Amino acid sequence: MANKMLYGGDYNPEQWDEEVWEEDMRMFRLAGIDCVTLNVFSWAALQPDEVTYRFERLDKIMELVRKNNLKVVMATSTAAHPAWMAKKYPEVLRTEFNGIRRKFGSRHNSCPNSPVYQKYSAALARKLAERYGTCDNIVAWHISNEYGGECYCENCEKAFRVWLKEKYGTMEALNKAWNTSFWGHTFYDWDEIVVPNLQSEHFAQDRTTFQGISLDYRRFNSDSMLRNYLGEYEAVKAVTPHIPVTTNLMGFYKPLDYQKWARYMDLVSWDNYPNPTDPPALVAMRHDLMRGLKQGAPFMLMEQTPSVTNWQPYNLLKRPGEMRLISYQAVAHGADTVMFFQMRRSIGACEKFHGAVIDHVGTEHTRVFREVSRLGAELEQLGGVTLNARTPSRVAMLVDWDNWWALEYSAGPSCDLKYLDELANYYTALYDKNISVDIISTEDSLEGYQVVIAPVLYMTKPGTDEKIRRFVSAGGTFVTTFLSGLVDENDLVFTGGYPGKLRDILGIWVEETDALPAYMKNRFSWNGKEYESGVICDIMHMEHAKALASYEKDFYEGTPVLSRNELGEGRAYYVATRSGGDFYADFLEMVLEEQNIKPVFQPRAGVEITLRRKNGNDFLFFLNHNAQEEKLTAENPGTDLLTGKQYLAGDDIILPGKGVMIFKENLS
């Protein structure tokens, strides 16, 4: 794509008079900006009616950026349909979860199953490809923008029935999958099925009386938007097969199954907008998810704010050095671009207080612009040395959208149980140890990993247990938790005892599950230390496994809470409760030692250290999230690529507060 990391972001010159554009070009050069994302929300300007297209202004913009040697990520503009479309074709508008049809406004307001929307969005994408496909500075197509939301209109209801018929084939198969004999829900015809929302099966957004239909609607909604994306993907690819295509994702975004979407993306891109209170480990976990979507391939950081996010409850500024630190954190986890929203701050509407490279004052004399410029100079100096570098990992975490949806739709056992919280408990313990983690799907290969962790693997899809069984038998270590192995892909419980198809792998039988309210706690002791137990307490019996620790309170005092089962050459652990960070740190320390997995660098509290590898070269990223200076000791000789300073093994490495070092190890 380039011989250095692309640096820039969303540019909206259509919001400004043309005399501003040349000044923007001057300031981009000052900041080291070499790439802009264009045309994200221009549909109304490009197409004033059904048959008319006006590209003259975009032509001028494209000529200007070409003249100034800027690369372009060209968006298709389809995230917000024009007002004329909503006026003439009201069926294009979405219907909310409560059944109310929206009027024109906002964005993401198009029904994904509207034939009108599908027709005109694909047509616009093709027109853009035909007009600009020969431009040699377009580095990627950017389809729509941040796909999201749901619709419950008549279009969707009809399309849902078609989707179900294609999936199940017969009403008998559907009734069996949904267990419709419960509460007299048996269906005899496809048109008896209605969308599951507040008008039908739901009594809250995430509480449903029939998990089967609600789970399938989640899948259907994700597939519906994916079909919209594919309509535009195919339109631009038909004209420009040589230009890669992406759309900007949003981390752990629940409504869309990104693991499925990634199969149809030439490269993954995403928008990183952490809450100011998010610990660095959570941000790192989202980056690792993006890297894992394409089996470890680098991704694009498509958007982040250079200073402030306008839609948080409190719009806290990034403190000096934080923008640079967060940018390099993305690179440390696999990003090959650093890009922002936005280039110039808008003067009206809801993003007028969102951060930008060029602020309302309109000059380079701002703290943010100076920081952006310094980072631009560093990226220019760094060049392409880390481009396409990979992250070697011997630990994987299984994440599955269907599992997420089904678990949190389930009526019980606890409203306090959230899938992402359980993922974060294990991920954070590994992050703190400087252990690289690949976040993979249940369909990905486990080959090459030594430890696989699957927190709350509630749903066991066909083939998943066989894959895990082979992995453990061949010498791998598998770790899972309470409420794992309970249901099949239709959210139907496996009879014969929990944890279902995982039972022989784990060597246990779970008899009951106690869901503790926040004011109740249990406890257990392991390896001479006492740990807290809460939220969920599985009460289990050992079959082939060995109990490692037991509950110390309540009627199940003395029953196992932690177990290990030997299977073939490997072992499987079951953690029957949620505990605290001290337990996860200690427990995973043991698991890693058993597999002889070492950190990429000795841990230091608040200092994130990751490894990327390319052509036999190791690049260590040192990221000091602390406000104070930290001193480390070089384990091998190497060079700081940002300063050129040489180090010998044993030399002090001084990291300023919020400081960054990219250390190329000299191992030859």
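Each value in this text was obtained by applying a stated rule to the coordinates, not by laboratory testing. A quick note: this is a predicted structure, and the numbers were derived from the prediction, not measured. Don't worry about glycine lacking a Cβ; one is built from the backbone with ideal geometry, like all the others, and counts go over all protein chains shown.
Of Lys4/Lys71; Lys254/Lys433; Lys4/Lys614; Lys318/Lys352; Lys631/Lys658; Lys88/Lys119, which pairs sit farther than 20 Å apart, going by alpha carbon to alpha carbon? Violating the 20 Å Cα-Cα cut-off are Lys254/Lys433. The antiparallel fraction among DSSP beta bridges confined to segment 395-594 stands at about 60%. A full extension of the chain between Asp652 and Glu532 corresponds to an added length of 39.3 nm, given 0.36 nm per residue minus the alpha carbon distance. Sorting the segments 613-620, 73-80 by their residues' average number of neighbouring beta-carbon atoms within 10 angstrom, most packed first, yields 73-80, 613-620.
The alpha carbon gyration tensor of segment 325-377 gives principal lengths a ≥ b ≥ c with a/c of 1.5 or higher and a/b no greater than b/c, which makes the shape oblate.
Stretching the chain fully between Glu50 and Asp189 yields a gain of 46.3 nm (0.36 nm per residue, less the alpha carbon separation). If you plug the beta carbon distance of Ala411 and Arg390 into 1/(1 + (r/R0)^6) with R0 = 56 Å, you get a FRET efficiency near 0.85. Taking a straight Cα-Cα cut-off under 26 Å and skipping sequence neighbours fewer than 8 places away in the same chain, the lysines within cross-link reach of Lys553 are Lys418, Lys521, Lys529. Cα gyration tensor of the chain, axes a ≥ b ≥ c as square roots of the eigenvalues: rounded (a/c below 1.5), prolate (a/b > b/c) or oblate? In terms of gyration-tensor shape, oblate. Under 5 Å from the amide H of Met397 lie the amide H atoms of Asp438, Ile439, Ile440, Ile453, each residue being 5 or more positions distant or on a separate chain, with H modelled from the backbone and absent for Pro and chain starts. Bridging of Lys546 to aspartates and glutamates at a Cα separation below 14 Å is possible for Asp504, Glu566, once same-chain residues fewer than 8 apart are set aside.
Taking the mean number of other Cβ atoms within 10 Å as a proxy for protection, how do you rank 599-608, 265-274, 520-529 from highest to lowest?
So the peptides 599-608, 265-274, 520-529, ranked by packing, come out 265-274, 599-608, 520-529.
Close amide-amide hydrogen proximity is noted between Glu543 and Ile508, Trp509, each under 5 Å apart and 5 or more residues distant or on a separate chain (H modeled in the peptide plane; Pro and chain starts excluded).
Which of rounded, prolate or oblate describes segment 154-215 when judged by the alpha-carbon gyration tensor and an a/c cut-off of 1.5?
Oblate.
Between Glu322 and Asn69, what FRET efficiency follows from the Cβ-Cβ distance if R0 is 25 Å, with the result rounded to 0.05? Rounded to the nearest 0.05, the efficiency is 0.25.
DSSP bridge analysis restricted to the chain gives an antiparallel fraction near 55%, rounded to the nearest 5. Stretching Met590 away from Glu466 to a fully extended chain increases their span by 42.1 nm, per 0.36 nm per residue minus the current alpha-carbon distance. In this label model, Ser550 and Lys165 are separated by 5.9 nm, measuring between points 7 Å along each Cα→Cβ vector. Using R0 = 45 Å, the C-beta based FRET efficiency linking Lys60 and Gln199 works out to 0.40. In segment 1-99, taking the dipole from charged Cβ atoms about the Cα centre, the farthest positive-side position among Met27, Gly8, Tyr53 is held by Gly8. Please list, by residue number, everything in segment 287-327 whose backbone N is under 19 Å from a paramagnetic label point 7 Å out along Cα→Cβ of Glu447. Residues 292-297 qualify, since their backbone N sits under 19 Å from the label point.
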